[in-house]
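Asks: Let me give you the structure first, and then I'll get to my questions.
The values are calculated or read from the model by the stated rules, or taken from the named source; none is laboratory data. Predicted model, so just to flag it, every value in this text is computed and none were measured. Here the Cβ positions follow ideal geometry from the backbone for every residue, glycine too, while neighbour counts run over all protein chains shown. Side chains are part of the model used for accessible areas, which takes the heavy atoms of the whole protein and leaves out ligands, DNA and RNA. Shrake-Rupley method; radii C 1.70, N 1.55, O 1.52, S 1.80 Å.
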Amino acid sequence: MQSDILKLEQLHKNFGGVTAVDNLSLSFAKGEVTSLIGPNGAGKTTVFNLITGFIKPSSGKIIFNGWHLNGKKPHMIAAMGIGRTFQNVQVFSNMTVLENIMVGRHLRSRCGMFFSSVLPPFLRLEENRIRSAAKEWISFLKLDQYADFSAGILPLGNQRMLEIARALALEPNLLLLDEPASGLNARETIAMGELIQKIKSMDITVILVEHDMELVMDISDRVAVINFGRLIAEGTPKEVQQNPDVITAYLGT
Amino acid sequence: MKQKDYIGIAALTTLIIIVPYLVTNDYYLGVLIFTALNCLACIGLCLLMGYAGQISIGHGAFIAIGAYASAILTTKLGWSPWAAMGFGVVTVIFVAFFVGIPTLRLKGHYLAMATLGFASIVHIVSVAAVGFTGGPSGIMNIPRLSIFGFQLNSDVKFFYFSWAIVIAGLYLAVNLIYSRVGRGLKAIHGSQDAASSLGVNITVYKIKIFVLSAIYASISGSLYAHYVLYIDPGPFDVMHSVLLVTMVAVGGIHNIWGALTGAILLSLLPEFLSFLSDYLQGFGIRYKTDYDTLVYGAILLLIMLFLPEGLFDGLYRSIKAVFNLKNRLMKGRSQGAV
Ligand SMILES: Nc1ncnc2c1ncn2[C@@H]1O[C@H](COP(=O)(O)OP(=O)(O)OP(=O)(O)O)[C@@H](O)[C@H]1O
Ligand SMILES: [Mg+2]
């Protein structure tokens, strides 16, 4: 049996009176693409925010590679090897595409404020290394022609690609993608699917939140369906598609 | 650093070397020394405002702490000016740390309010703690600075020294901007969530840059004490803090060079206004220096309305536009000839 990279145990989150995540227990297998789907407001983004430390669970546990993530800040969770993208794209529009990806290399260097200001020769070398690593990610995502563009002026499709490149530059073990295909046209969506499969082949576990069912069923190893924060089905794409609860949740009663 | 920055620093250095040959009047050299001190404080403030996206309305207080540390320790305890300056810096590091920690952990502009309150407290203390600060009558007989036994005993010497510090401060700040730390700061400005998802420790970065900007202010204050050789609470009031923010905003907060431009222009503006007032008097119009604040306000307002990125960026763009237009016209003409 394959080992699990991430485990959610009886995870619960209330926002005031609203229960966004309700007693959710789920495991994610290492090296697989697992999709987390559900109707609008089901709590998918909230699950991502809980895993990455942006919000604190009301109760329950999050265990990553045997480590408890509860109470950890987002930057610590990034350091443990979890990368993510955002549903409403969050590229740094005040920086170039290349610089955006260089921020992704933040944890690969330790240099602090003093050395950064004085700029000794060893740091110039390190800067060059960061830059060339970032350029490799740019080529990987075929964004070469935009390297020196301000990230804010890229079309949405490229911004989503950039966000993924930036998260990949972190060299994560687990990558959370929140609706990477939303707002993309058919051609771009196909490219996104190919990209996710390439990421999987790099031994990176992927959790995908996505409304495009064709994409989800195409590339997922497993699919988990939530509604009102609760898990209603889990299995292979085929199993899930035939599950009567899922059909009701999506079509309404 | 990029090529542009090297050119900028080389140009500034050349200008500084030449200026004392052109400006021989001690009064104007003095104005240019105060300009340097404002530039130093504004470089630090720009790192905080333009790169970390936080505003401090209390940097006058850090200048005051530096100035008073230098004045008190040298006159009352006989410390060497350099040790006193170092002590001022250390004090400011601690103070900025404790002002920054509770406010910078929160999202939003709480730092502006905290520093405003802090600046008022420092000002009140400097007026009221008579035994310590000399109260309103201040501290006199502050010794001059000397470097390796070479005393900075003329305005020209102090001019060179203060601008050398500005250029050094500028060099360090520009390096910082293009470093990992600078990218982290810009990232925080761009999107806090995305920055932290990539491992940037937002709180620590904001506090660090706030402390750094306070160090710049503190050194500026120590230099002030050793130039004027006398200090009182007057120049370090909250209005001065606001003026520093105005300088940075007018020049352009997202660019160190902009902050520098703003600091230089607004430091020289009172001199220009007094020229103007003499000129206007010839036409029977009376201009009082009380109107200066009004002029500052008007300038700030106009710039925020029409050049929100600041004067520097505005000028840079217009020069570029003129060049482009010229190129296009030339091209048009050469094509027309064919
Ligand atoms: N910060 C918050 N404060 C209060 N309520 C929130 C917050 N974040 C999410 N919610 C609520 O929690 C529920 C789940 O929201 P969430 O964003 O996780 O849904 P989602 O499955 O990602 O939906 P979508 O497909 O539309 O993105 C919603 O009812 C939402 O209004
Ligand atoms: Mg969502």
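Yes/no per residue for (1) assigned to a helix (DSSP H, G or I); (2) open to solvent by 40 Å² or more (accessible area, probe 1.4 Å):
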site: A:ASP148; (1), (2): no, yes
site: A:ASN158; (1), (2): yes, no
site: A:LEU162; (1), (2): yes, no
site: A:ALA167; (1), (2): yes, no
site: A:GLU171; (1), (2): no, yes
site: A:LEU195; (1), (2): yes, no
site: A:ILE199; (1), (2): yes, no
site: A:ASP203; (1), (2): no, yes
site: A:ILE207; (1), (2): no, no
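Asks: Can we say B:ALA168 is within 14 Å of the chain's Cα centre (by Cα), open to solvent by 10 Å² or more (accessible area, probe 1.4 Å) and without any contact (Cβ under 8 Å) to a residue 24 or more places away in the chain?
Replies: Yes; evaluated as a whole, the condition is true for this residue.
Asks: To continue, here is another question. Is one or more of the residues making up segment A:6-16 of a type outside the set (Phe, Trp, Tyr), on the phi > 0 side of the Ramachandran plot and free of Cβ contacts under 8 Å to residues at least 40 places away in the same chain?
Replies: Looking for residues that are of a type outside the set (Phe, Trp, Tyr), on the phi > 0 side of the Ramachandran plot and free of Cβ contacts under 8 Å to residues at least 40 places away in the same chain, one finds at least one in segment A:6-16, hence yes.
Asks: So is B:TYR287 open to solvent by 70 Å² or more (accessible area, probe 1.4 Å) and more than 29 Å from B:TRP163 (Cα to Cα) or not?
Replies: no
Asks: Please give the number of the condition A:ILE62 fails out of (1) farther than 27 Å from B:LEU176 by Cα; (2) surrounded by fewer than 17 Cβ atoms within 10 Å (Cβ to Cβ).
Replies: (2)
Asks: For residues that are of a type in the set (Asp, Glu) and assigned to a helix (DSSP H, G or I), scanning just segment A:209-253, find the one that is farthest from A:LEU175 (Cα to Cα).
Replies: Across segment A:209-253, the extreme among qualifying residues is A:ASP245.
Asks: Another one. Is it the case, given these coordinates, that A:GLY104 is touching a residue at least 60 places away in the same chain (Cβ under 8 Å), within 16 Å of ligand 2 (Cβ to nearest atom) and buried (at least 22 other Cβ atoms within 10 Å of the Cβ)? Give the derivation first.
Replies: Numbers: touching a residue at least 60 places away in the same chain (Cβ under 8 Å): yes; within 16 Å of ligand 2 (Cβ to nearest atom): no; buried (at least 22 other Cβ atoms within 10 Å of the Cβ): yes.
Answer is no for this residue.
Asks: Kindly check whether there is at least one residue in segment A:63-74 that is touching a helix residue (DSSP H, G or I) at 6+ places or on another chain (Cβ under 9 Å), within 16 Å of ligand 1 (Cβ to nearest atom), within 14 Å of chain B (Cβ to nearest Cβ) and not polar (S, T, N, Q).
Replies: Yes, segment A:63-74 has at least one match.
Asks: Could you tell me how many of the residues in segment A:89-101 are more than 8 Å from chain B (Cβ to nearest Cβ) and open to solvent by 10 Å² or more (accessible area, probe 1.4 Å)?
Replies: 3
Asks: A further question on this structure: Kindly provide the set of residues from segment A:8-42 that are open to solvent by 10 Å² or more (accessible area, probe 1.4 Å), in contact with a strand residue (DSSP E or B) (Cβ under 9 Å, 6 or more places away or on another chain) and part of a loop (DSSP other than H, G, I, E, B), ordered by number.
Replies: Within segment A:8-42, A:LYS30, A:GLY31, A:GLU32, A:PRO39, A:GLY41 qualify.
Asks: What's the number of the only condition in (1) surrounded by 23 or more Cβ atoms within 10 Å (Cβ to Cβ); (2) in a helix (DSSP H, G or I); (3) in contact (Cβ under 8 Å) with a residue 60 or more places away in the chain; (4) away from ligand 2 (no atom under 16 Å from the Cβ) that A:GLY83 fails to meet?
Replies: (2)
Asks: Do you know which residues across segment B:73-107 are open to solvent by less than 40 Å² (accessible area, probe 1.4 Å) and more than 24 Å from B:ILE188 (Cβ to Cβ)?
Replies: Once the filter is applied, which keeps residues that are open to solvent by less than 40 Å² (accessible area, probe 1.4 Å) and more than 24 Å from B:ILE188 (Cβ to Cβ), segment B:73-107 yields B:LEU73, B:THR74, B:PRO81, B:ALA84, B:MET85, B:GLY86, B:GLY88, B:VAL89.
Asks: State whether the residues of segment A:10-26 include one that is touching a helix residue (DSSP H, G or I) at 6+ places or on another chain (Cβ under 9 Å), aliphatic (A, V, I, L, M), closer than 18 Å to A:ILE204 by Cβ and away from ligand 1 (no atom under 12 Å from the Cβ).
Replies: Filtering segment A:10-26 down to residues touching a helix residue (DSSP H, G or I) at 6+ places or on another chain (Cβ under 9 Å) leaves A:11, A:13, A:15, A:20-21, A:24, A:26.
In the following step, the residues that additionally are aliphatic (A, V, I, L, M) were identified as A:11, A:20-21, A:24, A:26.
Still in the running and closer than 18 Å to A:ILE204 by Cβ: none.
Within segment A:10-26, none of the residues are touching a helix residue (DSSP H, G or I) at 6+ places or on another chain (Cβ under 9 Å), aliphatic (A, V, I, L, M), closer than 18 Å to A:ILE204 by Cβ and away from ligand 1 (no atom under 12 Å from the Cβ).
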